[in-house]
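S.K.: Let me begin by handing over the structure; questions about it come next.
The values are calculated or read from the model by the stated rules, or taken from the named source; none is laboratory data. This structure is a prediction, so every number in the text was calculated from the model and none was measured. Glycine gets a Cβ as well: all are built from the backbone with ideal geometry, and neighbour counts include every protein chain shown.
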Amino acid sequence: MKLFLVKSIPKTPWSSDAPLNFKPAAKTLLILCFGLVVFGIGEALLIAAGIGVSPWTVLAQGVSNISGWSIGVATFVVGIAVLLLWIPLSQTPGLGTLLNIIVISAAIEIFLPYLPEPESYIFKILEIALGILMVGFGSGLYLIANLGPGPRDGLMTGVQRVTDFPVARVRTALEITAVAFGWLLGGTVGLGTLMFAFGIGPAVSVGLFTVHHFSNKTN
């Protein structure tokens, strides 16, 4: 299915011409920020469900275990390491890279207190599934804005460009790699972690396809 075989970040009439654009069109900036808010709410749903942290947090936990650093410091170090991997992949940061950190964190902080924390395991799973879909759709919006990806999404798009594999396959491989290394280093893996690791790649691919499809229909 084409939904799961997207091989590059599509362009639309509202996409920025280049990531290094600090004066984007208002529409592009608005869509970027909306996508990041949706992404942040999706992340908050994963946290509220309480059955496993994201794969990269598992990796940060593992790094924290072997280094003695706090989880916050370990998360920062992992983020820097990911950004360094951008260099051989010739990835270009932009305004979206900075806003990715600010807006997603703010969205999690604002919306998390209002999200349900279900006791039923079935509802926890449904909340995780909804969170994954929202992260995928939010990713589609902000990546197509073409104002620079966040650290992990930049690694995904860089590896995809070099290998020419579908986005879904590349993202899934990266998430599973993060989980595997994190688990080997002592990080905690839950059902939500595994759902995210295997589900986020297809969700991002669907998000990219859907945003591109409907953007072209309305122009």
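S.K.: Being surrounded by fewer than 20 Cβ atoms within 10 Å (Cβ to Cβ), part of a helix (DSSP H, G or I) and modelled with pLDDT of 95 or more narrows it down to one of LEU98, LEU143, LEU130, so name that one.
M.R.: So the residue among LEU98, LEU143, LEU130 that is surrounded by fewer than 20 Cβ atoms within 10 Å (Cβ to Cβ), part of a helix (DSSP H, G or I) and modelled with pLDDT of 95 or more is LEU130.
S.K.: Shifting gears a bit: Return the only residue of GLY187, GLY138 being in a helix (DSSP H, G or I) and surrounded by 19 or more Cβ atoms within 10 Å (Cβ to Cβ).
M.R.: Unique residue meeting the criteria: GLY138.
S.K.: Please go through the stretch 15-32 and give me each residue that is crowded, with 18+ Cβ neighbours inside 10 Å and assigned to a helix (DSSP H, G or I), ordered by number.
M.R.: Selection gives THR28, LEU29, ILE31, LEU32.
S.K.: Looking at ALA203, ALA178, ALA168, ALA173 in this structure, which one is within 14 Å of the chain's Cα centre (by Cα) and surrounded by fewer than 17 Cβ atoms within 10 Å (Cβ to Cβ)?
M.R.: Numbers: ALA203 fails: surrounded by fewer than 17 Cβ atoms within 10 Å (Cβ to Cβ); ALA178 fails: surrounded by fewer than 17 Cβ atoms within 10 Å (Cβ to Cβ); ALA168 fails: surrounded by fewer than 17 Cβ atoms within 10 Å (Cβ to Cβ).
Being within 14 Å of the chain's Cα centre (by Cα) and surrounded by fewer than 17 Cβ atoms within 10 Å (Cβ to Cβ) holds for just one of ALA203, ALA178, ALA168, ALA173, which is ALA173.
S.K.: Here's a follow-up. Of the conditions (1) at pLDDT below 95; (2) among the aliphatic types (A, V, I, L, M); (3) more than 14 Å from ALA48 (Cα to Cα), ILE108 clears all except one; give me its number.
M.R.: Of everything listed in (1) at pLDDT below 95; (2) among the aliphatic types (A, V, I, L, M); (3) more than 14 Å from ALA48 (Cα to Cα), ILE108 misses just condition (3).
S.K.: Determine, yes or no, whether LYS7 is modelled with pLDDT of 90 or more, surrounded by fewer than 18 Cβ atoms within 10 Å (Cβ to Cβ) and out of contact with any helix residue (DSSP H, G or I) (no Cβ under 6 Å at 6 or more places or on another chain).
M.R.: no
S.K.: Something else about it: Among LEU133, LEU126, which is the only one that is within 18 Å of PHE39 (Cα to Cα) and without any contact (Cβ under 8 Å) to a residue 60 or more places away in the chain? Working first, answer last.
M.R.: On the way: LEU133 fails: without any contact (Cβ under 8 Å) to a residue 60 or more places away in the chain.
Among LEU133, LEU126, only LEU126 is within 18 Å of PHE39 (Cα to Cα) and without any contact (Cβ under 8 Å) to a residue 60 or more places away in the chain.
S.K.: Is the stretch 157-178 home to any residue that is in contact with a Leu (Cβ under 7 Å, 6 or more places away or on another chain), at pLDDT below 95, under 22 Å from ALA44 (Cα atoms) and part of a helix (DSSP H, G or I)?
M.R.: Among the residues of the stretch 157-178, not one is in contact with a Leu (Cβ under 7 Å, 6 or more places away or on another chain), at pLDDT below 95, under 22 Å from ALA44 (Cα atoms) and part of a helix (DSSP H, G or I), which makes the answer no.
S.K.: Residues to consider are GLY68, GLY62, GLY79; find the one that is at pLDDT below 90 and either more than 16 Å from the chain's Cα centre (by Cα) or surrounded by 14 or more Cβ atoms within 10 Å (Cβ to Cβ) (or both).
M.R.: Details: GLY68 fails: at pLDDT below 90; GLY62 fails: at pLDDT below 90.
Going through GLY68, GLY62, GLY79 in turn, the sole match is GLY79.
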